[in-house]
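Peer 1: Have a look at the structure that comes next, please.
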């Protein structure tokens, strides 16, 4: 038997359904990253107002947070593969709409916000279904490696997507949206080819308020799960500065759309390196300390980025931010999936997705608001300091998470 660590990592890709699933998520991630850069630059070029950049995030977040709990119940009640397919079709429809708007020469932000509402709706169903589907496709012995490979591919996409988007925007937003559409259509084809996975027994639990809140009640009953996802929520909520990157690129650092693409990709460089490392050498001991350490590094790097006026230093700070964030993302994902029975995994993943969505989209909206109030640099620096305060508070509120040494044994894995 081979002892090569790379061989152990690549065995995940020998499963046909896992290969299709991971490839679809990879190219869909590239597509949405390209689209994000193009939308941000398009809106900034049209209005130049940081509040509008925050509205781009808010238009995605509101439908997401309203629909995410019903989406989790749908993921537990119906075939997860089919739901995943429908979400990719909707994402492709959003890319087609943005492509059409760009071709028409539209300069009104209203239709763009409307498309982003549909985009947020598709993501509301895509997130919990995608998270719940991976454990159904991966054998239990390979699940930690599958999570790491999935994270690695996601971070590679987050590196490549913004860089590609920034380059394509030079030729017009319609070129970026066109590539996004092509990639999402390819993801639809791949997901349509899935044969295994999904639910072995579809839930017959009737739709009710109690059923929708099953995931919420489960998370509340598990301090380790609640502590890990809420820590990530508030750390990124206060420390996220991605919504302001177009202004840093256009005004503070004066590096244009190519520099914006590089900065968008920089956090994923750090995250991708960390993901590759844990794919070969998974974190096994001092889990809680690793998680809090990652959040602290993220907060310090955010403050450094906020005050930097040097493009290389800013990029380096963003790389470190991504590395710190990746540690907490990897640990949180494993904790949530390993502690959750398959029968309610969709609903628990939905709760997790609420926290992720709130930390990202709501965090970007918060950045736009605070930047309008205090200015760009103070908003980012104060956000980084708030992240450090959250980490310090959570060590006291969730001591069981701080003392956690090993990952729990899985409760129910197919």
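FYI, it's all coordinate maths here, none of it is from the lab. Only a predicted model underlies this, so the values are computations on that prediction, with no experimental measurement involved. Ideal geometry is used to build each Cβ from the backbone, glycine not excepted, and the neighbour counts take in all protein chains shown.
Peer 1: Kindly rank 33-39, 241-247, 186-192, 148-154 from highest to lowest mean number of other beta carbons found within 10 Å of each residue.
Peer 2: Numbers: 33-39: 27.4, 241-247: 24.1, 186-192: 19.4, 148-154: 22.6.
Per-residue Cβ counts within 10 Å, averaged per peptide and sorted highest first, yield 33-39, 241-247, 148-154, 186-192.
Peer 1: Follow-up. Based on the alpha carbon coordinates of region 5-402, what radius of gyration and maximum Cα-Cα distance (Dmax) apply, in Å?
Peer 2: Every Cα atom of region 5-402 included, Rg and Dmax give 19.7, 58 Å.
Peer 1: Using alpha-carbon positions, what is the distance between the centroids of region 270-316 and region 106-185, in Å?
Peer 2: What the calculation gives is 22 Å, centre to centre.
Peer 1: In whole angstrom, note down how far apart the Cα centers of region 250-264 and region 220-246 are.
Peer 2: Taking the Cα centre of region 220-246 as reference, the centre of region 250-264 is 26 Å away.
Peer 1: At a threshold of 8 angstrom on Cα-Cα distance, excluding pairs fewer than six apart, so keeping six or more, what relative contact order does region 5-402 reach in percent?
Peer 2: Numbers: 721 pairs, mean separation 114.9, N = 398.
RCO, region 5-402: 29 percent.
Peer 1: Now a separate question. R0 = 35 Å: FRET efficiency of residue 213 with residue 93, Cβ-based, nearest 0.05? Don't skip to the answer; put the middle values down first.
Peer 2: Details: r = 31 Å, r/R0 = 0.88.
E between residue 213 and residue 93, to the nearest 0.05, is 0.70.
Peer 1: Rank-order 265-275, 327-337 by packing density, defined as the average count of other C-beta atoms within 10 Å over each peptide's residues, highest first.
Peer 2: On the way: 265-275: 25.1, 327-337: 23.3.
Averaged packing, sorted descending, gives the order 265-275, 327-337.
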